[in-house]
1. Determine which member of the set A:Thr14, A:Thr36, A:Thr60, A:Thr68 is on the phi > 0 side of the Ramachandran plot and not charged (D, E, K, R).
2. May I ask you to verify whether A:Thr125 is modelled with pLDDT of 90 or more, within 27 Å of the chain's Cα centre (by Cα) and more than 12 Å from chain B (Cβ to nearest Cβ)?
3. Consider B:Arg129 carefully, then state whether it is touching a residue at least 60 places away in the same chain (Cβ under 8 Å) and either over 21 Å from B:Ile169 (Cβ atoms) or not aromatic (Phe, Trp, Tyr) (or both).
4. Residues in the range B:84-91: is at least one closer than 30 Å to B:Ser132 by Cα, at the interface with chain A (Cβ under 10 Å from one of its Cβ atoms), surrounded by fewer than 23 Cβ atoms within 10 Å (Cβ to Cβ) and among the small types (Gly, Ala, Ser)?
5. Of the residues B:Ser70, B:Ser131, which single one is surrounded by fewer than 20 Cβ atoms within 10 Å (Cβ to Cβ), at the interface with chain A (Cβ under 9 Å from one of its Cβ atoms) and either farther than 19 Å from A:Gly161 by Cα or not hydrophobic (A, V, I, L, M, F, W, C) (or both)?
6. Say whether the condition of being in a strand (DSSP E or B), in the same structural domain as B:Thr42 (by TED's automatic domain parsing), crowded, with 17+ Cβ neighbours inside 10 Å and of a type in the set (Asp, Glu) is met by at least one residue in the range B:153-160.
7. Of the residues A:Val140, A:Val173, A:Val184, A:Val133, which single one is aliphatic (A, V, I, L, M), in a helix (DSSP H, G or I) and within 12 Å of chain B (Cβ to nearest Cβ)?
8. Identify the residue in the range B:1-18 that is buried (at least 16 other Cβ atoms within 10 Å of the Cβ) and farther than 16 Å from B:Ala39 by Cα and, among all such residues, is modelled with the lowest pLDDT.
Amino acid sequence: MMWLSGGFVFRRGTSRYHRLDPRVKLLISVLMFVTTLIVRSLYELAFVLAFMVAVAAVATVLRRVLRTMMLTALFSAFIFAVNFIVTGNLEMSLLYSLRFVAIVVSTSLFFITTSPDELEQVMKTFRLPRDVVFAFVTAVRFIPVMLLDTIQIMDAQKSRGLELEKGNIFRRVRNMIPILIPLVVNSVVRSGELAEAMESRAYGAVPQPTSLVEYRSSLADKAVAAAAVVTFALVAYSFYYVLPVHFP
Amino acid sequence: MIELRNVTFVHQNGVKALDGVSLKIDSGETVAVVGENGAGKTTLVKHVTGLLKPASGDVLVDGQSTSTTSTARISRKVGVAFQNPDHQLFSESVEEEMAFALRNFGFAPQLVEERVKWGLELFGLEEYRKSSPLVLSGGEKKRLTLACILAWDPEVVILDEPTVGQDSIQKERLAETIKMLSSAGKTVVVVSHDIEFLWPIQPRVVVMKAGRIVGDGPAATLMQDRELLDSARVVQPQLVSLHQQLTKRPERPFTDALEARRWLERGKRTP
């Protein structure tokens, strides 16, 4: 839960990175994501991860990103173990497991610096159906609410003698039932209430409602976007034509 | 019974929810914790049950530190009915819901059956025994959560905003239940904004503001301190306001409307 909260939930910030046009932030994250997929050696991946850490430092979210990296490492350890058992190739197993960390960080950087409102504007840029945009943005917006709900439900059940950390794996899974049922029921009830509240405020009355905010990229946004594309092109070129390949 | 020694707690977002809180609640006392939203009332309650551990200071329940005791063990002594009943109801039937905690605490099946029956009768929920708790009304759910707590007979009963969603008749019944628990020697802690509900119970009142205790004393005394109540954004009970506005008045405020009426009818004699 804390992994999800720390790694993907937006918190307001005042850094230059936070103030960037959300479309530029998306572009940077997509380019980092793609770079992560095209790396072919641990050196290249180390460079990509270092770049991500630098971006996180600029965005003043370094501590959150490092914590996300640490917690993601638990999952990547599993990826490493499976790969190493199957292939016996240490370097490739390390590459695949660390690649997972880099993928999570690249997406995390976008979500923790982009508010749900900005996310909505970005999705509208791609001319996605309004209902789809609304559903997605609402889901993102409700993640912190659901986390809070989960904590409160766990507190309530623990106060009734439920011991979540006790017993074998099967008992622990069974102990989650008193947590999951209220969580799901509350979410369904809340979504119904939200739908009624939206309809009572004329949601869907016109096909193209006006928007309060219209994003216009500044010169600085355009410069950052151009720099990101050029950096990506140079990095991709050097990965394929300059740096040596360690394994196919 | 409950003792908080200079307890400080800071939330992850840096907000200091409790700031050097010291409080001692003796066995059998009825205490109301009041204060505006965000004053730290629920955080204080969660410290008593061990759900939150203090950043500094210590919380003792029956001599045991909550920092080193599991919530499940503390819960056997301290029953909490949280504000939102939807956060705990999950079973297939009302009776199963009530039996959940009793089974967690290892009660014998016969005793579980007896306690469930007692709780359902006490809160007028017998007719819903086989119904899903999820289909009950807001007030019924609230009563069910209270019944669930009282079923295992904890020494301390903590009620977090118990009057939310309750009609006036249910509030009266709830006040009677609190008095009944009090006379049975239970320690009762009520966290509430509903001053009119608390006033007839005449509890010891603890006023909280910005994570600190700014007032602590009997309701009859404390509720007359308008300056303190205003600073903590607590509304003075209407009967106390009435008492203060009367030119000829009895020595102490009326504890309920009936008492005020009788006094007026008897020619303004002291109640």
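The values are calculated or read from the model by the stated rules, or taken from the named source; none is laboratory data. On a predicted model such as this, the values are computed, not experimentally measured, just so you know. FYI the Cβ positions are ideal-geometry reconstructions off the backbone, even for glycines, and counts take in every protein chain you see.
1. A:Thr60
2. So A:Thr125 does not fit the description; no.
3. On the way: touching a residue at least 60 places away in the same chain (Cβ under 8 Å): no; either over 21 Å from B:Ile169 (Cβ atoms) or not aromatic (Phe, Trp, Tyr) (or both): yes.
In short, no.
4. Within the range B:84-91 (the criterion being closer than 30 Å to B:Ser132 by Cα, at the interface with chain A (Cβ under 10 Å from one of its Cβ atoms), surrounded by fewer than 23 Cβ atoms within 10 Å (Cβ to Cβ) and among the small types (Gly, Ala, Ser)), the answer is yes, since at least one residue qualifies.
5. B:Ser70
6. yes
7. Details: A:Val140 fails: within 12 Å of chain B (Cβ to nearest Cβ); A:Val173 fails: within 12 Å of chain B (Cβ to nearest Cβ); A:Val133 fails: within 12 Å of chain B (Cβ to nearest Cβ).
Within the list A:Val140, A:Val173, A:Val184, A:Val133, the selection yields A:Val184.
8. Here the answer is B:Met1.
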